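The values are calculated or read from the model by the stated rules, or taken from the named source; none is laboratory data. On a predicted model such as this, the values are computed, not experimentally measured, just so you know. Please note: Cβ atoms are built from the backbone with ideal geometry, for glycine as well, and neighbour counts cover all protein chains shown. All accessible areas refer to the heavy atoms of the entire protein, side chains included, with ligands and DNA or RNA removed. Shrake-Rupley method; radii C 1.70, N 1.55, O 1.52, S 1.80 Å.
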Amino acid sequence: MAGMTAPKGTFDILPPDSARFLAVRDTLTAPLRRAGYGYIEAPAFEATEVFSRGVGESTDVVTKEMYTFTDRGGRSLTLRPELTAGLMRAFIEHRLYDGALPVKLWSVGSAFRYERPQAGRYRHFTQVDCEALGVDDPALDAEVVALGVQGFRDLGLTDFELLLTSLGDATDRPAYREKLVAHLAKLDLDEETRQRAQINPLRVLDDKRPEVQAQLDDAPLMVDHLSDSTRAHYDAVRQHLTDLGVRWTEAPRLVRGLDYYTKTTFEFVHHGLGAQSAIGGGGRYDGLSAALGGPDLSGIGYAVGVDRTLLAVAAEGLDIGTTAAVQAFVVPLGAEAKRLAVRLVGQLREAGVAADTVYGDRGLKGAMKAADRSGASHVLVVGERDLAEGVGQLKDLRTGEQTAVPVADLFDTVRAAVGS
Ligand code: HAM
């Protein structure tokens, strides 16, 4: 049989690099945990209509990118292309809205999109997700945005930018849409773009082709057509962001790939990543709950791409997740020493010290190499002659200093040496 490989657009995250992945993932979730968000885990697949109704029938995500299949019971299921719609489904199903509002949730997990793979764009990727449901308060918008920023700051990232705009609400949108459609109808556009202008005119604003962009200079923008109440909402969000020390760039042409957004909408871009520069994005989605059959409740949230953030961390040359996994490494020589090593490593681990030893007979040289690779700061060598004398040799690899330690004191001495 030919060797098997991971499916196109997917990749394996292997040690030791996986330590950086974990560090990024956990650093991005820490601000959410500190802010009282509760962990929620929903299935990685949902009934297909959760996404067709939630994310929007006309989006690329739904029309071209979903992994949809019929299960053996004849149900149409879809691997989640994002987490929000499924979390909203859970919020409605379990009537979380019956409790105190807002309901603040975070999650992390796999998402799947059948996209053309390239650097930073995969078919299987990981998102850290944050949602605050049930309250429409500009201060909550600012909190959510600031939590996203905090995760990037905690990683040490600096070369990123927050793009911010307001997409209006269900009452502002139709009038603006009409204006935009009328404007686009006057332009010299190809047939496909004309059609897009009818179905989703906002997306034309995001067309990257220079010949299209050149004609869009005086296209009407949503932010100039907000009602008094949405404008006041947006002003308040910006005031709170200023108070929170968060800087942003106004992005009146920001277009998101999902249809549920209303009012505050944002994206985090990193300048070291090339084409796939969005490391996160989100916004308010005040119609999503109702669209999924729930009560008419608002929500706001974001998702950060862990894989892209890891690329951003690498682009800025940040040293993350490289702390040694192992603190103490035990090298036994001979059967009796082996028993002592296994027992000691077990005791150290129980006491919270990251400890390891060698397996298989490797000889002193091989064992010392393994000790070195483990990243341990301390190596304990227990040879046959040492054991006969009732000692082990504890070496501090950082200083090279070596001391003979009585067997009875090994546990306490190693533990003290690694500072646990
Ligand atoms: P999104 O902008 O589609 O929003 O995705 C969020 C982030 O996921 C992106 O900024 C990017 O970092 C990462 N991402 C998306 N697609 C890929 C891919 N193919 N490969 C690698 N990374 C990718 C959402 O998914 C919304 N659910 C966010 C949200 C939460 N809005 C409100 N609440």
Subject >> Every residue from segment 245-290 that is more than 10 Å from the ligand (Cβ to nearest atom) and either closer than 29 Å to F91 by Cα or assigned to a strand (DSSP E or B) (or both) >> reply: T249, E250, L254, V255, D259, T262, K263, T264, D286, G287, S289, A290
**OP:** Give the residues of segment 263-286 that are within 20 Å of P252 (Cβ to Cβ) and among the hydrophobic types (A, V, I, L, M, F, W, C), sorted by residue number.
**Re:** F266, F268, V269, A278
Original post:
Which residues, taken from segment 124-133, are near the ligand (Cβ under 7 Å from one of its atoms) and either open to solvent by 10 Å² or more (accessible area, probe 1.4 Å) or among the basic types (K, R) (or both)?
Top reply: F125, Q127
**OP:** Determine if segment 20-39 includes at least one residue that is under 25 Å from P295 (Cβ atoms) and out of contact with any Lys or Arg (no Cβ under 9 Å at 6 or more places or on another chain).
**Re:** no
Original post:
Looking at segment 334-345, is at least one residue β-branched (V, I, T), surrounded by fewer than 18 Cβ atoms within 10 Å (Cβ to Cβ) and free of Cβ contacts under 8 Å to residues at least 12 places away in the same chain?
Top reply: no
**OP:** Note down all Cβ pairs under 6 Å where the first residue falls in segment 244-262 and is within 20 Å of Y176 (Cβ to Cβ), the second is among the β-branched types (V, I, T) and more than 13 Å from the ligand (Cβ to nearest atom), and they're at least six residues apart or on different chains.
**Re:** A251/T165; P252/T165; P252/V223; L254/T165
Original post:
Can you find even one residue in segment 173-195 that is among the acidic types (D, E), open to solvent by 30 Å² or more (accessible area, probe 1.4 Å), within 16 Å of the ligand (Cβ to nearest atom) and within 28 Å of L292 (Cβ to Cβ)?
Top reply: no
Subject >> Subset of segment 247-269 (residues that are open to solvent by less than 20 Å² (accessible area, probe 1.4 Å) and among the acidic types (D, E)) >> reply: none
**OP:** Scan segment 311-325 for residues that are assigned to a loop (DSSP other than H, G, I, E, B) and either crowded, with 24+ Cβ neighbours inside 10 Å or β-branched (V, I, T) (or both) and jot them down.
**Re:** I320, T322, T323
**OP:** Examine segment 208-222 for a residue that is open to solvent by 40 Å² or more (accessible area, probe 1.4 Å), more than 14 Å from the ligand (Cβ to nearest atom), basic (K, R) and not in a helix (DSSP H, G or I), and state whether such a residue exists.
**Re:** yes
**OP:** Look at G294 and say whether it is of a type outside the set (A, V, I, L, M, F, W, C), within 16 Å of the ligand (Cβ to nearest atom), outside any helix (DSSP H, G or I) and more than 30 Å from A251 (Cα to Cα).
**Re:** yes
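Here is a yes/no grid of residues against (1) more than 10 Å from the ligand (Cβ to nearest atom); (2) in contact with a helix residue (DSSP H, G or I) (Cβ under 8 Å, 6 or more places away or on another chain); (3) on the phi > 0 side of the Ramachandran plot:
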{"position": "G54", "(1), (2), (3)": "no, yes, no"}
{"position": "R75", "(1), (2), (3)": "yes, no, no"}
{"position": "T84", "(1), (2), (3)": "no, yes, no"}
{"position": "I92", "(1), (2), (3)": "yes, yes, no"}
{"position": "Y97", "(1), (2), (3)": "yes, yes, no"}
{"position": "P102", "(1), (2), (3)": "yes, yes, no"}
{"position": "V135", "(1), (2), (3)": "yes, no, no"}
Subject >> Lone unmet requirement of (1) more than 17 Å from the chain's Cα centre (by Cα); (2) surrounded by fewer than 21 Cβ atoms within 10 Å (Cβ to Cβ); (3) not in a loop (DSSP other than H, G, I, E, B) for A146 >> reply: (1)
**OP:** Enumerate the pairs (first residue in segment 298-310 and touching a residue at least 40 places away in the same chain (Cβ under 8 Å) and open to solvent by 10 Å² or more (accessible area, probe 1.4 Å); second residue anywhere and among the hydroxyl-bearing types (S, T, Y) and in a helix (DSSP H, G or I)) with beta-carbon separation below 6 Å, excluding pairs fewer than 6 apart on the same chain, so at least 6 apart or on different chains.
**Re:** none
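Restricting the search to segment 104-123, which residues are open to solvent by less than 20 Å² (accessible area, probe 1.4 Å) and either more than 8 Å from the ligand (Cβ to nearest atom) or over 30 Å from K8 (Cβ atoms) (or both)?
L105, S107, G109
Go over the candidates E41, E93, E46 one by one and state the one that is acidic (D, E) and open to solvent by less than 30 Å² (accessible area, probe 1.4 Å).
E46
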Original post:
So which pairs qualify, if the first residue must be in segment 133-159 and aromatic (F, W, Y), the second must be buried (at least 19 other Cβ atoms within 10 Å of the Cβ) and outside any loop (DSSP other than H, G, I, E, B), the Cβ gap must be under 7 Å, and the two must be at least 6 apart or on different chains?
Top reply: F152/F160; F152/F268
Original post:
Inside segment 1-31, can you point out the residues that are in a loop (DSSP other than H, G, I, E, B) and of a type in the set (A, V, I, L, M)?
Top reply: M1, A2, M4, A6, I13, L14
Original post:
Going through segment 134-143 one residue at a time, which ones are open to solvent by 30 Å² or more (accessible area, probe 1.4 Å) and in a helix (DSSP H, G or I)?
Top reply: A139, E143
